[in-house]
Structure formats: C-alpha cells, structure tokens
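Visitor: Here you go, one structure.
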Amino acid sequence: MPKSCCAVGCSNHNMMGKKFSFFTFPKHPERWKKWVNSVKRVNPDGSDWRPSKLTVLCSEHFLSGRPSTDPTHPDFIPSIFKHIKTDSKSSESKLRRFAAASKRKLHVPSQTPPKKRFPAELPSLFWN
Ligand SMILES: [Zn+2]
C-alpha cells in the first residue's frame, strides 16, 4: 500500500526509492492535536483537516528523522515544515540542548526505579 506524506508542500512517498520513514499520528488526543496543528493543513473547502488512520508524516519533519515518545524531546511534535521557517542551526541547537539535558539527567543518582516515561494519561498542564 503506497504511503504518502500528508504535510503541505511535501510529496514524499514510499515508492520513491529514497529511505524515508513514515509515521502515523499519535493516539494520545492532546499529542494528536499538536501534530494536526503542526501540519496546518486545510481541506480544499476551507474546513478543518483531520488525518485518517492511514495518514502519515514522513521522517523529513522531525529533527532527528523520527518522532520521540519523550515529551521533553523536540521531536515529540513534528517541527520541520515548509510553512515554518526553520533554520537548520536552531534545529541543531534544539537537539543539542536536549542531548545536554538528557546527559545531566543521567548524572543524577536515583534510588527509585525509573518511572514509565509515557503514561496513557498525562495531565494537560504537561503539554503546555
Ligand atoms: Zn513529508
């Protein structure tokens, strides 16, 4: 089944021979909404666009080439789109900041077992 990226101005699909990955929209409603907002697509009749279960985004829209399930990671929400001016320097520094922050976290000694990173229900505060 051919998959093509739903992003505006992006025509990547899996029959191109290039190595793109394709990702379906997240199931978590809040995160789903953020993805939809990032895509900023509008139906031809002007109504709100909604992805279907088969709608996919390609790896080109993520700083690291794939979505992250870590809410503190810049790739938790896709951020590279034609309608958003992204200069590669700021994208890189976002990733670097994240990497630095993760490293710092690792240095903190922890007595408690690691908590599940992505609980099904997150308080909405967490997302803002
Ligand atoms: Zn794409």
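Visitor: Among the numbered criteria (1) at pLDDT 95 or above; (2) over 13 Å from Ile77 (Cα atoms); (3) more than 15 Å from the ligand (Cβ to nearest atom), which one does Glu30 miss?
Guide: (2)
Visitor: Can you pull out every residue in the range 15-27 that is within 11 Å of Val56 (Cα to Cα), more than 11 Å from the ligand (Cβ to nearest atom) and either of a type outside the set (Val, Ile, Thr) or at pLDDT below 95 (or both)?
Guide: Once the filter is applied, which keeps residues that are within 11 Å of Val56 (Cα to Cα), more than 11 Å from the ligand (Cβ to nearest atom) and either of a type outside the set (Val, Ile, Thr) or at pLDDT below 95 (or both), the range 15-27 yields Phe25, Pro26.
Visitor: Now for a different question. Taking the condition of being within 13 Å of the chain's Cα centre (by Cα) and without any contact (Cβ under 8 Å) to a residue 40 or more places away in the chain, how many residues in the range 17-31 meet it? So that I can check it myself, show each step before the final result.
Guide: Residues of the range 17-31 within 13 Å of the chain's Cα centre (by Cα): 21-28, 30-31.
Then drop every residue that is not without any contact (Cβ under 8 Å) to a residue 40 or more places away in the chain, which leaves 22, 24-25, 27.
Residues in the range 17-31 being within 13 Å of the chain's Cα centre (by Cα) and without any contact (Cβ under 8 Å) to a residue 40 or more places away in the chain: 4 in total.
Visitor: Sort out which residues of the range 57-75 are of a type outside the set (S, T, N, Q) and closer than 12 Å to Phe23 by Cβ, and write them in order of number. Give the derivation first.
Guide: Taking the range 57-75 as the starting set, the residues that turn out to be of a type outside the set (S, T, N, Q) are 57-58, 60-63, 65-67, 70-71, 73-75.
Correct list: Leu57, Cys58, Glu60, His61, Phe62, Gly65, Arg66, Pro67, Asp75.
Visitor: In the range 1-14, what residues are more than 10 Å from the ligand (Cβ to nearest atom) and either surrounded by 13 or more Cβ atoms within 10 Å (Cβ to Cβ) or under 16 Å from the mean Cα position of the chain (by Cα) (or both)? First the steps, then the outcome.
Guide: Filtering the range 1-14 down to residues more than 10 Å from the ligand (Cβ to nearest atom) leaves 1-3, 14.
Within the range 1-14, Lys3, Asn14 meet the criteria.
Visitor: Follow-up question, since we're still on this one. State which residue pairs qualify: first residue in contact (Cβ under 8 Å) with a residue 40 or more places away in the chain and inside the range 36-48, second residue outside any loop (DSSP other than H, G, I, E, B) in any location, beta carbons under 8 Å apart, and separation of 6 or more residues or different chains.
Guide: Ser38/His61; Val39/Leu57
Visitor: Considering the range 32-68 alone, what residues qualify as being under 14 Å from the mean Cα position of the chain (by Cα) and over 16 Å from Cys6 (Cβ atoms)?
Guide: Residues satisfying the conditions are Leu63, Ser64, Gly65, Arg66, Ser68.
Visitor: Output yes when any residue across the range 96-107 is buried (at least 16 other Cβ atoms within 10 Å of the Cβ), within 12 Å of the ligand (Cβ to nearest atom) and of a type in the set (A, V, I, L, M, F, W, C), and no when none is.
Guide: The initial filter retains those residues of the range 96-107 that are buried (at least 16 other Cβ atoms within 10 Å of the Cβ), namely 98.
Of the ones still in play, those that are also within 12 Å of the ligand (Cβ to nearest atom) are none.
No, the range 96-107 contains no residue that is buried (at least 16 other Cβ atoms within 10 Å of the Cβ), within 12 Å of the ligand (Cβ to nearest atom) and of a type in the set (A, V, I, L, M, F, W, C).
The values are calculated or read from the model by the stated rules, or taken from the named source; none is laboratory data. Just so you know, these numbers come straight off a predicted model, no measurement behind them. For neighbour counting, all protein chains shown are included, and Cβ atoms are generated from backbone atoms with ideal geometry for every residue, glycine included.
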